[in-house]
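Each remark here refers to the structure printed beneath this line.
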């Protein structure tokens, strides 16, 4: 029963002027009697006192959304939200202590109707270490409820507000240090339906992005702890949908069918990063930026600010997996900002054919890799023949060597030396192994002609592959030589220094 | 009454000046702290049980509700005994009234916020380590772990430069001027010029916004009333330099 | 309001409570000793048996504390004559250094305070802290000697339970008046 204290230093005579409120003053339109444009905002959102018995709000965990209120009159709605600090996986094998509204990140979804009077009960679990509070962006009043809901561990507080503005609003904890409370997952969405409700759809989903900062690296196993400096530097370790890497993938992917209307309530808790929300392979038919009233149509990627939300709608036509990403794309592939929407149903090849042609295109340098795998297996079994080596070597040569040395090993005059009937090559096969592994950057004379090109190291090839290529080369186009064995290559690799990871 | 407790000693802290996270007033950054003494470790359940044996009005079954909420010492085995596993752990689920009474019975008091903050600024090697990023992150790590699970025994931590242990990484700690934090429940109002002008300069502007560990202490202390008890709030006592 | 209801029930149904059987929420459990404007030692429970308006202030306060006195008077005036006679007012200083009995007596004279039903008191720092804690009053001494504090009027039941608090200044908070009327016999 902590009351709102009017704190005053007695030297301040302006005490009675009261606190200013940046949201409370009436608009000019209202005072001049003009009809407000659009929905009329908060000034038109008071539909009088609540009617009927109080209603307990249905709260849902992400990605679920409570059913429409289907109310035609303002009600008193009781919201019971519990703050729980929980250890959960942020990525596979990585635990993190999340601070949550309702046990999940994002917190429970709250759905009320414009004009409702919301009696908000915030309960802080006795096991909590921290005090917490809640600032709902859908509240009209100083702090959005933050000071009124400041709650010690093992205690509960209550405050009441009237939902004057329709829209989709972020809520979050605003206890010091605010950034850390938000970075630990303390945010969620409250939907304030327009009085007439929203148009029916087949699926509603709740997706919320957040950035996370840990002392350990991305996916570093163990218990990850919050890294204050990374958070201040806005250097996120993870960028996630719904608080974990696997929260909306694999068996937990969102599911819909073709020919359905999908509505996603997409929030961004931040604390720092703006989301570039995109669904790969879909175009949003409609986006209500900031969860507001005016919709944009045919949107590819929509910005969702930290502390903001958007309602996106689209219609499914083609079955398959649709990937939700933050299109600041390293966040998707290196920090976890990936989710999947699985759309089931019959193919619609008239809209999207699927792959119709997939041929290798290598400037006709196509080679079967079958011989390569036969040789590799034979070598492993100890039954490798010279013929198998030559067959495998021929296939590998086509993909790797023929670009410069040409298909028949003839080379290109004065640029790339010939391998066919090559005195330089055949004089020292051990040297040849070294050149493949390390490249060659000095002038050489081959069959009487001088060459001064650069051959890059081919150390990305396995010892097997190099042995097979050289065996092929040493026994083709008029060359007649011995077998080069894998063992020879292995020894050469072990005894020479060479640059690793050479270019193909 | 088995198990041997690590006994606390009052460590002398020299007088000094420092910049607090809570400046005393606008434009004044430095705070003076007179020399004082403070417990080297938090008060344990065993310590508190000894107190209760002498002052039975502080038993959980006798304490008036005005002094403690319903969870006061709820984790103890009985109204007078914490039980073997809890004995050497810091006492928690303790109200400000009970903590004050314990210290008074010892001829001591709770430390003031400035005293606590002054001592808590020390690392193992420096009396003011607050600019040491690595140390700051290390003490912050405690706040990144869950409040569930058993507490460690008192006195296991490494002593800081003053010889004080477990001031970080164990429990929240009550302070004497609990009612003097004057920090708004909505941290973001700090330093709002309108608030300063029209609502009085009641709310204090927090400084050192990067000092997360200390900011959290203040948030926690300002979220509780004097009768509140929580699973992670304990205390240690302090005294003026000269024995009273 | 829940507190108020409970208190009414206690008053109507329970026998007169004895000193040893204070209700659990009573601030009189503090057993604190104050010093009044005459320099006499009085208990915090000096007005036990009466509904009490209690507040914390400091005498040298230039703005809000004078308003506190006006506020207390406004509440008094809002209560019907018969019930008003039951009401007591206790103002406790948060400034033990400067608010001596003499300073408090002077304030009482200057403001024409009726000391038959009002008490102005000071106490040692530890007592002030505890009384403030039971009333959830925040205060802090500033470097210039002024205090920053919550200006709150609290209504205590005859047994010292906190029934209602108000931060309304200079006029009578209707809620506190209503509860007061309800608990006064």
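The values are calculated or read from the model by the stated rules, or taken from the named source; none is laboratory data. This structure is a prediction, so every number in the text was calculated from the model and none was measured. Neighbour counts run over all protein chains shown; Cβ positions are idealised from the backbone, glycine included.
Things to note:
- Any hit, the range A:180-189, residues being buried (at least 24 other Cβ atoms within 10 Å of the Cβ), at the interface with chain B (Cβ under 9 Å from one of its Cβ atoms) and part of a loop (DSSP other than H, G, I, E, B): yes
- Take the conditions (1) outside any strand (DSSP E or B); (2) closer than 30 Å to residue A:342 by Cα; (3) within 14 Å of chain B (Cβ to nearest Cβ); residue A:171 misses just one of them, which is (1).
- Test for residue A:271: is it without any contact (Cβ under 8 Å) to a residue 60 or more places away in the chain and under 15 Å from residue A:170 (Cβ atoms): no
- Boolean, residue A:231 is without any contact (Cβ under 8 Å) to a residue 24 or more places away in the chain, within 14 Å of chain B (Cβ to nearest Cβ), closer than 29 Å to residue A:149 by Cα and not in a strand (DSSP E or B): no
- Across the range A:469-489, the number of residues qualifying as surrounded by 15 or more Cβ atoms within 10 Å (Cβ to Cβ) and in a helix (DSSP H, G or I) comes to 9.
- The range B:51-84 - residue that is in a helix (DSSP H, G or I) and surrounded by fewer than 16 Cβ atoms within 10 Å (Cβ to Cβ) and, of those, farthest from the other protein chains (Cβ to nearest Cβ): B:84
- Test result for residue A:311, touching a helix residue (DSSP H, G or I) at 6+ places or on another chain (Cβ under 8 Å) and closer than 16 Å to residue A:204 by Cβ: yes
- Any hit, the range B:202-210, residues being more than 10 Å from chain A (Cβ to nearest Cβ), outside any helix (DSSP H, G or I), modelled with pLDDT of 90 or more and in contact with a helix residue (DSSP H, G or I) (Cβ under 8 Å, 6 or more places away or on another chain): no
- Residue within the range B:30-47 that is at pLDDT below 95 and over 19 Å from residue B:176 (Cα atoms) present: yes
- In the set (1) modelled with pLDDT of 95 or more; (2) under 18 Å from residue B:58 (Cα atoms), residue C:40 fails one condition alone, (2).
- Qualifying positions in the range A:135-147 - more than 9 Å from chain B (Cβ to nearest Cβ) and either surrounded by fewer than 24 Cβ atoms within 10 Å (Cβ to Cβ) or over 33 Å from the mean Cα position of the chain (by Cα) (or both): A:137, A:140, A:141
- Residues considered: A:41, A:48. Of these, the only one that is surrounded by 12 or more Cβ atoms within 10 Å (Cβ to Cβ), out of contact with any strand residue (DSSP E or B) (no Cβ under 9 Å at 6 or more places or on another chain), more than 14 Å from every other protein chain (Cβ to nearest Cβ) and modelled with pLDDT of 50 or more is A:41.
- Qualifying residue in the range A:383-395 (condition: in a loop (DSSP other than H, G, I, E, B), loosely packed, with under 13 Cβ neighbours inside 10 Å and within 49 Å of the chain's Cα centre (by Cα)): yes
- When A:54, A:36, A:106 are checked against the criterion of being more than 14 Å from chain B (Cβ to nearest Cβ), loosely packed, with under 15 Cβ neighbours inside 10 Å and modelled with pLDDT of 95 or more, A:54 stands alone in meeting it.
Rundown of residues vs (1) under 26 Å from residue B:144 (Cα atoms); (2) part of a helix (DSSP H, G or I); (3) at pLDDT below 95, yes/no style:
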| position | (1), (2), (3) |
| --- | --- |
| A:120 | no, no, no |
| A:123 | yes, no, no |
| A:126 | yes, no, yes |
| A:144 | no, yes, yes |
| A:153 | yes, no, yes |
| A:158 | no, no, no |
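- Each residue in the range C:147-168 was checked for being buried (at least 20 other Cβ atoms within 10 Å of the Cβ), part of a loop (DSSP other than H, G, I, E, B) and within 11 Å of chain A (Cβ to nearest Cβ), and 2 of them qualify.
- Those strands (runs of 3 or more DSSP E) of the range C:39-104 in which at least 2 residues are surrounded by 15 or more Cβ atoms within 10 Å (Cβ to Cβ), considering only elements entirely within it, cover C:52-57, C:88-93.
To keep it simple, each residue is scored yes or no on (1) farther than 20 Å from residue A:208 by Cα; (2) within 12 Å of chain B (Cβ to nearest Cβ); (3) surrounded by fewer than 24 Cβ atoms within 10 Å (Cβ to Cβ).
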{"position": "A:88", "(1), (2), (3)": "no, yes, yes"}
{"position": "A:93", "(1), (2), (3)": "yes, no, yes"}
{"position": "A:97", "(1), (2), (3)": "no, yes, yes"}
{"position": "A:100", "(1), (2), (3)": "no, yes, no"}
{"position": "A:121", "(1), (2), (3)": "yes, no, yes"}
{"position": "A:133", "(1), (2), (3)": "no, yes, no"}
{"position": "A:149", "(1), (2), (3)": "yes, yes, no"}
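- Residue in the range A:239-253 that is within 14 Å of another protein chain (Cβ to nearest Cβ), farther than 23 Å from residue A:66 by Cα and part of a strand (DSSP E or B) present: no
- Single residue of the range B:143-168 satisfying the filter (free of Cβ contacts under 8 Å to residues at least 60 places away in the same chain and within 12 Å of chain A (Cβ to nearest Cβ)) that is farthest from residue A:181 (Cα to Cα): B:149
- Taking the criterion of being more than 9 Å from chain A (Cβ to nearest Cβ), under 12 Å from the mean Cα position of the chain (by Cα) and assigned to a loop (DSSP other than H, G, I, E, B), the residues of the range B:211-238 that qualify are B:235, B:236, B:237.
Quick grid of which residues meet (1) in contact (Cβ under 8 Å) with a residue 12 or more places away in the chain; (2) touching a helix residue (DSSP H, G or I) at 6+ places or on another chain (Cβ under 8 Å); (3) closer than 20 Å to residue A:480 by Cβ:
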residue: A:403; (1), (2), (3): yes, no, no
residue: A:417; (1), (2), (3): yes, yes, yes
residue: A:422; (1), (2), (3): yes, no, yes
residue: A:439; (1), (2), (3): yes, no, no
residue: A:465; (1), (2), (3): yes, yes, no
